[in-house]
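Everything below concerns the one structure shown next.
The values are calculated or read from the model by the stated rules, or taken from the named source; none is laboratory data. The structure presented is a predicted model; accordingly, all values stated were derived computationally and were not measured. Neighbour counts are summed over all protein chains in view; Cβ atoms, including those assigned to glycine, are modelled from backbone coordinates with ideal geometry. Only protein heavy atoms, including side chains, enter the accessible area calculation; ligands, DNA and RNA are left aside. Shrake-Rupley method; radii C 1.70, N 1.55, O 1.52, S 1.80 Å.
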Amino acid sequence: MLLPWAVLIAALAQQPLAAPILVSMGSLTVLTLSFWGFIAHLRGESPQQDAARLTPLRWAIGLHGVAAGCFAALALEPLLPIALTALCLSAGLGWALLSFDIRAALVLLAGLVLPPADAADPRPPDVDAAGLPGGRLAAAARHPLWRRRQAARRGRLPLAPLTHRPPLPLSTAEQDALKTYEFVLNNISDIVSVVDQHQTIRAVNDAWCRATGISREAALGRHNNDLPGFGVSAARVEALRACLEDGKQRTIRGTFNAPGVMGRVLDTTFHPYVDPVTGTRGAVRVSRDVTEHEVALKALLASQTEQRLLLEVFPGFCACLDAQLRYTFVNERLARASGRSPEQWIGRTVAEMVSPEKHAYLQPLVKRALQGEWVRYESPLPGLNGGPQIDTLITLARGTDPHTGEPRCYAFGTDVSALKQAQAALVLAKDEAERANRAKSQFLSSMSHELRTPMNSVLGFGQLLEADAHALSATHRLYLREILRGGRHLLALINDLLDLARIENDRLAVSLEPVVVAEVVDECRFLIQPLSERHHVQVVPPTGSAPDEMVLADRTRLRQVLLNLLSNAIKYNHKGGTVQIRWARSGELLRLEIQDSGPGLSADEQVKLFQAFERLGAQHGAIEGAGIGLALSQRLLALMGGHIGVNSSVGKGCLFWVTLPHTSLQMPTALPQQMHSPDDMALAAAAMDRTVLYIEDNPVNTLLMEAMLARLPGLKVLTAAMPQDGLALARQHKPDLILLDIQLPEMDGFEVFRHLQAADSTRDIPVIAVSASAMTQDIERGRRIGFADYLTKPVDSQQLLHAVMRSLAPH
């Protein structure tokens, strides 16, 4: 710009119009420089805006050079080539200087004297009319540095600031530190970019390039909004603008749609900064991929929402308390039951919501729950809308707050009002059942007593007549046999009923011992023989069975079971039929079988066979029975660890089988029988000359007892109808034995026994209970308090005499 003026001043110094021309050209120069300075201090928001503002300046400088050249040509017509050269230099240097890089101007000047940059160009340098080598200008235009400046002007590379000064050289330490920072920046996983106050991208790391799919060279110097495929959202643009304006940090979360992170959720933080050299503002953007965290957070929120929903729809009462016993959650059902809204519960303590007494009760329970213990307790709640009280079972359990990790106490209350009512009904039903059971026991006891009392007379006097049967006619002996048979059958029925009741009440005890099967079978065959003869059925002696096989059983109860099975096999057989008995060992069990030749049973009948009082239609026939024998046998065998069953088909008879545990233990040696007949006992009694006192309020029973004891002629019998009279006789005569009825007027036999034990004169007298009270609890009670024996009516004469002689025998 100054070179044309130097030539022009030298030329115009010889012209008369030099002063006006110089003033005009000076004014034009001043205006151009002022315009240049004004533009230099105005920077746009983008390099494109800067280029647009500089375009008028370029034209002004160009026109200034053209004007200077024209004036020089007019003033120096003889020196026209020199003026044209000045024109070209002024325009070219002005354009180069407009790039704000002195080096580009120097390159342009160097192109006039240096060889071309393209050495391969075969064309010789052209020289125009003025002698300027055009090839050198072309070479300068093709110089790499010139091309870089032109690219910067077109916006592809960063444009240096107007106040550009060459950077100072860095030290080795600074260069190493810069490399370290660059290495760290490119190796972190977060996406990092730096923008200036004009939102021009100044730096990016490798993660940013991978995420956006844009190379570093393509991004640097570009405006933040002008990058293709960058996926910038309005929220990010607004956050960046606000950060640059107020210098405050911003953080946003959103989905990024750049190619490398398509659909990923990023947390972007905008950190403001100020350039310490230039004082310009900028922002560092750091984006972190939080997609997995977002998914986990959504899952957690969904889980919490679901949990809240479950707590709300839980068919009970739910609440949550923190360590300070403050409610953090209350479901709608609990709030409604309390007459408050959930908002009135949350944030308040237990002390604020319940009475002081209940707070004192709940506080230690909640603390135990917070320590990890499961706590359960019952608590009443007021009824809804003034309804009846709600009984609740409350469970306290420890939990953890998912956000803070602090302990929580969860309370779950279940309405157990219906359960309480059911329990109350069950208690009433149990009490009613117990009352019914006691009534049944009382009925059985009363029935047994009422039946046994007349049966005692029937069988007792029948036995006395049987002892003197030789004095009776054949017809009378037949009558007597039927009387005794009927009485014994009735007695067996009574005993079976009592045994069944005892089993149902778990009051029937069995005494297990080794029992030789052959001995029990022979005993039962002997006892059942009169029945088999009457029905013309043969009980075949067992053959092929080991005579020494033993089972672990109660001998009396086993005999009772076998007698029942043999009795059924005979009664439900046909005339001339047979009954076979056999047994054999099978592993740890012994199986005993009784097979008859009767009509057999169908499958439906076998199902109902062991039900109590089930006779399968036989009640309409002539066969006597009550239908309790098989049911009782099944229960007795179960008590002895055995089983019973039947194999049968219609028309082929029945095979009843019994299994019991086999044993090889030796039987205890039986004590020798001292007396085997009434004559032997009579002789023993006569030798002893003893006295027996019988206390009984029933004169018939007294008469029968005197008749039975009369078979012991050496025995003196005293009787008393009232308890007080009996006690007086006992103190007066000090008998050797007392026979005592239990059911007495004024006081029962147990009370009489206590009076006898209380007196020194009667304490050592043995007492035998003779009673129609045959219930298990009565018998056990009598033996427990000290009776020498307990005989039940109807009394068997042989059993009575043996008991008397055992008690009178010298010890």
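Details
- Under 25 Å from the Cα of K575 - lysines, other chains or at least 8 residues apart: K652
- Listed residues W657, W374, W208 arranged by accessible area, highest first, probe 1.4 Å: W374, W657, W208
- Placing dummy labels 7 Å off each Cα toward the beta-carbon, the span from E174 to I346 is 6.0 nm.
- Per-pair calculated FRET efficiency, R0 = 41 Å: E605 and L703 via Cβ, rounded to 0.05: 0.30
- Between the listed residues L737, M705, M722, the Cα displaced farthest toward the positive end of the dipole of region 697-784, a dipole computed from Cβ unit charges relative to the Cα centre, is found at L737.
- Placing a pseudo-label 7 Å from each Cα along the Cα-to-Cβ vector at A218 and A809 gives an inter-label distance of 12.4 nm.
- Dipole magnitude of region 340-393, debye to nearest 20 (Cβ charges: Lys/Arg +1, Asp/Glu -1, about Cα centre): 120
- The length gained by stretching the chain between K440 and E406 to full extension, at 0.36 nm per residue less their Cα-Cα distance, is 6.0 nm.
- Accessible area, probe 1.4 Å, largest first, for residues M262, M722, M805: M262, M722, M805
- Straight-line cross-link partners of K430 among the lysines, defined as a Cα under 22 Å from its Cα and at least 8 positions apart when in the same chain: K420, K440.
- Rh by Kirkwood over Cα pairs, then Stokes-Einstein D for region 731-811 at 0.890 mPa s and 25 °C, µm²/s: 187
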